[in-house]
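Structure first, then comments.
The values are calculated or read from the model by the stated rules, or taken from the named source; none is laboratory data. Computed from a prediction, not measured in an experiment: that's the story for all the values here. Using ideal geometry, Cβ is built from the backbone for each residue, glycine included, and neighbour counts are taken over all protein chains shown.
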Amino acid sequence: MAITLEEAKSIVEDYKKSHFVTEFDSNVVEQEKFWYFRVGFVGSSGVIVNKFDGRLFVMGSGLSNEEMFWGHENGFSPDKVDIEIFEVNNPLKVSGMVGALLVQLGKAPSHPNRAAREIARELIKELPQKFHGVSLWLQIPWFIEAVEQNWLTYKINEHRANT
């Protein structure tokens, strides 16, 4: 069930009213699978509305549009996601990212950082590894480089509370 631009605008209007957000500008950026509207609040750069199902996703403000759109197209938009790592080709780089996930999940100390990396380094020796309910939004630039450099093979799914 694809939606029209007018239906997407209506979804955004409802969001604006119910969340008391501001319209930064009226420009709408159209991509193949979604529209991007510049409405939000401090810490938000806008919202994306999927063309297929009309779901609205609030975008953070810490990324460029290019990074944000890449992240949305690659499954990073839900606040929490599940990631499964199947293959690691650069253990040094991947152990840093996995260490950050372990800290986020409360499974490794945040200081010293090398402690989390050591735990991660051992963990990624046995694959696949799954991490449930993590936020990867601010890691998008890392993942863009990881994909370009083939540091790992992974899959991301929207987090479901019962997984």
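Brief remarks on what is shown
- Any pair with Cβ under 7 angstrom, 6 or more apart, that starts in segment 112-123 at a residue that is not assigned by TED's automatic domain parsing to the domain that holds N89 and ends at one that is surrounded by fewer than 18 Cβ atoms within 10 Å (Cβ to Cβ): none
- Residues (surrounded by 13 or more Cβ atoms within 10 Å (Cβ to Cβ) and assigned to a loop (DSSP other than H, G, I, E, B)) located in segment 3-30: I3, V21
- Within segment 100-131, the only residue that satisfies the criterion of being part of a loop (DSSP other than H, G, I, E, B) and among the β-branched types (V, I, T) is I124.
- Pairs with Cβ under 8 Å, 6+ apart, first in segment 125-142 and free of Cβ contacts under 8 Å to residues at least 60 places away in the same chain, second surrounded by fewer than 15 Cβ atoms within 10 Å (Cβ to Cβ) and among the polar types (S, T, N, Q): H132/T163
- Checking each residue in segment 45-64 for being surrounded by 14 or more Cβ atoms within 10 Å (Cβ to Cβ) and within 20 Å of E145 (Cα to Cα) picks out G60, L63.
- Every condition in (1) surrounded by 13 or more Cβ atoms within 10 Å (Cβ to Cβ); (2) closer than 26 Å to W151 by Cβ holds for F37 except the one numbered (2).
- Looking only at segment 58-101, residues that are touching a strand residue (DSSP E or B) at 6+ places or on another chain (Cβ under 6 Å) and farther than 24 Å from I11 by Cα come to 9 in all.
- The C-beta contact set for segment 60-84 (first residue in contact (Cβ under 8 Å) with a residue 24 or more places away in the chain, second residue basic (K, R), distance under 8 angstrom, 6+ apart or interchain) comprises E73/K33; D82/K130; D82/R160; I83/K130; I83/K155; E84/K130; E84/K155.
- Members of segment 105-134 that are polar (S, T, N, Q) and at pLDDT below 95: S110, N113
- Of everything listed in (1) within 30 Å of R38 (Cβ to Cβ); (2) part of a loop (DSSP other than H, G, I, E, B), the single unmet condition for D82 is (2).
- Selected residue (criterion: farthest from the chain's Cα centre (by Cα)) from residues of segment 132-153 that are assigned to a strand (DSSP E or B) and within 16 Å of S77 (Cα to Cα): H132
- Among the candidates Q104, Q139, the residue that is touching a strand residue (DSSP E or B) at 6+ places or on another chain (Cβ under 6 Å), of a type in the set (S, T, N, Q) and either outside the structural domain of N50 (by TED's automatic domain parsing) or surrounded by fewer than 15 Cβ atoms within 10 Å (Cβ to Cβ) (or both) is uniquely Q104.
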